[in-house]
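Each reported figure results from applying straightforward, stated rules to the coordinates on display, with no laboratory input. Keep in mind it's a predicted model, so treat the numbers as computed, not measured. Every residue, glycine among them, receives a Cβ derived from its backbone with ideal geometry; neighbour counts consider all protein chains shown.
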Amino acid sequence: GMGQITKIVTAMKEFSHPAREKSATDLNHNIENTVTVARNACKYVAEVEFDLGADLPHVVCLPSEINQVVMDLVVNGGDAIWDVVEGTTGKGVIRIGTRRADAGVLIQIEDTGGGIPRPMLERIFDPFFTTKAPGKGTGQGLAIARRIVVDHHGGTLRVSSDVGRGTCFSIRLPLQPAAPPGA
C-alpha cells in the first residue's frame with residue numbers, strides 16, 4: 001500500500017508542476033504518471049492497458065499540456081465505457097500506445113465505449129459541443145486538446161469511431177517544434 005501511495009503522490013507532484021518552456025520529454029513516463037492521477041476516474045469501469053514503445057525518443061513539448069490532453073482522453077474514455085457497462089459487473093478497456101512515427105511520435109488512446117455516431121463525430125472538436133448528458137460535460141475538453149496538439153505543438157489530433165465498438169484518438173507530435181513563421 002505504501003508503494004502505491006508513493007507512486008500516486010510522485011505522479012501528482014510531477015503532474016502539477018507545469019513547465020513554462022518546451023523541453024525534451026519522456027512521453028511514456030508522463031503518460032504513466034497522468035494515468036496514475038486519472039485512474040480514479042475510470043478504475044471501476046475500465047482496465048487500462050499500456051503498449052508503450054520502448055524506443056520512443058524524447059519529444060520537445062510542454063509536458064503539462066500534453067498531460068492534460070492524455071488526462072482528458074482517458075477520462076472521456078472512462079465516461080464512454082461507463083455508458084456501456086452501467087448496471088452490469090463488466091468492465092471495458094482503455095488502451096494507450098506509443099510508437100515512433102516518421103519524424104515524430106504517435107500516441108493512441110482507444111476505448112471500448114459505445115462509439116460516436118458520424119454526425120456527432122464531425123463536430124467533436126467544436127467548442128461547447130459534447131456527446132455527454134446535460135451536466136456531465138462542458139464541451140471544452142476536446143476543443144482544448146485540439147488547440148494544444150495542433151496550435152501549440154504543430155501536431156495532429158484525429159479520431160476514429162465505430163458505434164457499438166469504441167473510439168480511438170490518434171495524436172501525432174513532431175520530435176522538434178516547428179520554427180515560428182519568418183524564423
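Amide H to amide H distances under 5 Å link V48 with I94, where only residues 5 or more positions off or on other chains count and H is placed in the peptide plane.
A simple rule links phi to the HN-Hα coupling: the Karplus curve 6.51 cos²θ - 1.76 cosθ + 1.60 with θ = phi - 60°, which for region 104-119 gives x, 10, 10, 10, 10, 10, 10, 10, 9, x, x, x, 10, x, 3, x Hz, with x for Gly and Pro. Near I144: Cβ cut-off under 10 Å, other residues only, Lys/Arg at +1 and Asp/Glu at -1. The net charge is 0. In order along region 96-102, the phi-based Karplus estimate (6.51 cos²θ - 1.76 cosθ + 1.60, θ = phi - 60°) of 3J(HN,Hα) comes to 10, x, 9, 6, 6, 9, 6 Hz; Gly and Pro are listed as x.
Go through A54, A80, N67 and say which Cα lies farthest out towards the positive end of the charge dipole of region 24-150; charges sit on Cβ, +1 for Lys and Arg, -1 for Asp and Glu. Result: A80. Length available on full extension from E86 to T156: 0.36 nm per residue minus the Cα-Cα distance, which gives 21.9 nm. Note on R165 and A54: the model spin-label points, each 7 Å out from Cα along the C-beta direction, lie 3.0 nm apart.
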